[in-house]
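Undergrad: Pasting a structure below so you can have a look.
The values are calculated or read from the model by the stated rules, or taken from the named source; none is laboratory data. For clarity, every value in this text was computed on a predicted model and none was experimentally measured. A quick note on method: Cβ atoms are made from the backbone with ideal geometry, for glycine too, and the neighbour counts reach across all protein chains shown.
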Amino acid sequence: MNRSILIISYYFPPLGMAGVQRPLGLAKYLHRQGWRVYVLTVKPVTYWETDPSLLDDFPKEISIFRAGSLDPARLAYLMARKNRTERSLRAPAGKLVWDTKLGAVPFLWAKGCRLIEKFCISAVWTTSPPPSIHLAGCWLKRTNDVRWFADFRDPWEVEAPDKNSNRWPRRKKKLQRLLAAADGVTAVNEGLKDFLVSFTGADKVTTVYNGFDPEIVHLNTSPPAKVFTLAYGGTLSPATDPHAFPAALAHWKKEKKRNFRLILTGRILGLPIEKRLAELGLIENVEIAGYLPHGAALEKLAGANLLLLLLSEEEKYRLTVPAKLFEYIGLGKPVLAIASEKGAVAEFFSQHPVGELCSREEEIIEKLEFYYQQWEKSSLPELPEAQRAPFGWDKQAEQLSAFIESRLK
């Protein structure tokens, strides 16, 4: 069997933040499992953050190719308009049937055709967002002798909240056509898988979770000796609005007279976090570390006693499971999720006992006190290796490999 694969992802290092971790991790471990892996992405674009260190331990045998693009982020980079933010570039996307990255598709297709011919590639795997990336895979399948697999990290805003919009019928048709054309479909969680299955056959869709690099368990995980430390990793935005958590934290501090440290790593977008913390009298307990290189961020998280997962309770996030959860799992620390009791996160926690989930203020206070008392007794639970291992990128790459191979036969 020709085990060669072209991974196409708009987001890839040196771009940083969460979206790059999935193609990066799966490419690395597919290579270790004997696949000839090639990566196709875009040339430099204007983006929130970059992290070149992500490529430090990426296999040198994997070639990374970069195509041009006429999307706004690429054009802004070329024009050196450094004052333009990714948010302003993305603003019109909600009015489009596709997205603002559509201008990359012809370039990715043309480059992909040349790579398929040159390296005798048998499989193409496109990962979204942006949704338009799947057009490149669809076109490559039509014009080359390859199998195409579409990966969904997010639900493309086509689930329930948009059903009443005039974009829903058009997006629904395009989604159905894409799923019909694909040889296989992968989703990041069971809820998203079930949603996609409703548009195509169940045998065509499988779950490949996000994951963690097994090498991160070798980080120094010794927690601070004198202060109970909580940590959050990832972007803080309306999607990860901490809801009742700041107020609960303030009440817990006041009522129980607890001393603690809260570390926030990651970019803050569109939320007045510092103002809210100051109003609640928490600012002296908080370290706002900002966006850090991936390794440095993991070291911050590894030194904490309790890791926080935050997700908005808005309906449009019901199919989302933040990718950072899986790095938390890899670190083996207790996880406290502040999220809706309905949706993909709640479903995941019910199936995999990796931590506690709550949403109401009184529940949050109760859980904080529980973990604090466990810390005082030096008896904080640690996730057993047997529960961590299935979510390593190596295991997820095995799942993806088996699924693709079954479709190549």
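Okay, residues lined up against (1) at pLDDT below 90; (2) more than 20 Å from HIS134 (Cβ to Cβ); (3) touching a helix residue (DSSP H, G or I) at 6+ places or on another chain (Cβ under 6 Å):
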position	(1), (2), (3)
ARG171	yes, no, no
ALA182	no, no, no
PRO224	yes, yes, no
THR235	no, yes, no
ALA248	no, yes, yes
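Undergrad: Of the residues SER63, SER9, SER53, which is touching a helix residue (DSSP H, G or I) at 6+ places or on another chain (Cβ under 8 Å) and closer than 25 Å to LEU102 by Cα? Steps first, answer last, please.
TA: Working: SER63 fails: touching a helix residue (DSSP H, G or I) at 6+ places or on another chain (Cβ under 8 Å); SER53 fails: closer than 25 Å to LEU102 by Cα.
Only one candidate passes the filter, namely SER9.
Undergrad: Filter the helices (runs of 4 or more DSSP H) completely within the range 297-409 down to those with at least 1 residues that are free of Cβ contacts under 8 Å to residues at least 60 places away in the same chain.
TA: On the way: elements: 324-331, 344-351, 361-376, 385-388, 393-408.
Output list reads 344-351, 361-376, 385-388, 393-408.
Undergrad: Let me spell it out: the conditions are (1) surrounded by 15 or more Cβ atoms within 10 Å (Cβ to Cβ); (2) modelled with pLDDT under 95, and VAL97 meets all of them except one. Which number is the exception?
TA: Tallying (1) surrounded by 15 or more Cβ atoms within 10 Å (Cβ to Cβ); (2) modelled with pLDDT under 95, VAL97 fails exactly one: (1).
Undergrad: Inside the range 30-62, can you point out the residues that are within 16 Å of GLY112 (Cβ to Cβ), touching a residue at least 40 places away in the same chain (Cβ under 8 Å) and of a type in the set (Lys, Arg)?
TA: Result: ARG36, single match.
Undergrad: Another question about this same structure. Being touching a Ser or Thr at 6+ places or on another chain (Cβ under 8 Å) and surrounded by 20 or more Cβ atoms within 10 Å (Cβ to Cβ) is the filter here, so list the residues in the range 227-252 that pass it. Walk me through it before giving the result.
TA: Going through the range 227-252, the residues touching a Ser or Thr at 6+ places or on another chain (Cβ under 8 Å) turn out to be 231-234, 238-241, 243-244.
Once the filter is applied, which keeps residues that are touching a Ser or Thr at 6+ places or on another chain (Cβ under 8 Å) and surrounded by 20 or more Cβ atoms within 10 Å (Cβ to Cβ), the range 227-252 yields ALA231, TYR232, GLY233, GLY234, THR240.
Undergrad: Now a separate question. Could you check the range 35-52 and list, in sequence order, the residues that are aromatic (Phe, Trp, Tyr) and not in a strand (DSSP E or B)?
TA: Restricting attention to the range 35-52, the residues satisfying the condition of being aromatic (Phe, Trp, Tyr) are 35, 38, 47-48.
Of everything in the range 35-52, those that are aromatic (Phe, Trp, Tyr) and not in a strand (DSSP E or B) turn out to be TRP35, TYR47, TRP48.
Undergrad: Could you go through the range 78-92 and let me know if any residue there is within 22 Å of the chain's Cα centre (by Cα) and modelled with pLDDT of 70 or more. Break it down into steps so the answer makes sense when it comes.
TA: Applying the first criterion (within 22 Å of the chain's Cα centre (by Cα)) to the range 78-92 yields 85-91.
Of the ones still in play, those that are also modelled with pLDDT of 70 or more are none.
No: the range 78-92 contains no residue that is within 22 Å of the chain's Cα centre (by Cα) and modelled with pLDDT of 70 or more.
Undergrad: Turning to a different aspect of this structure: What pairs come up if the first residue lies in the range 231-249 and is touching a residue at least 60 places away in the same chain (Cβ under 8 Å) and assigned by TED's automatic domain parsing to the domain that holds LEU271, the second is in a helix (DSSP H, G or I) and of a type in the set (S, T, N, Q), and their beta carbons are under 7 Å apart, counting only those six or more places apart or on different chains?
TA: Hits for this filter: GLY234/THR240.
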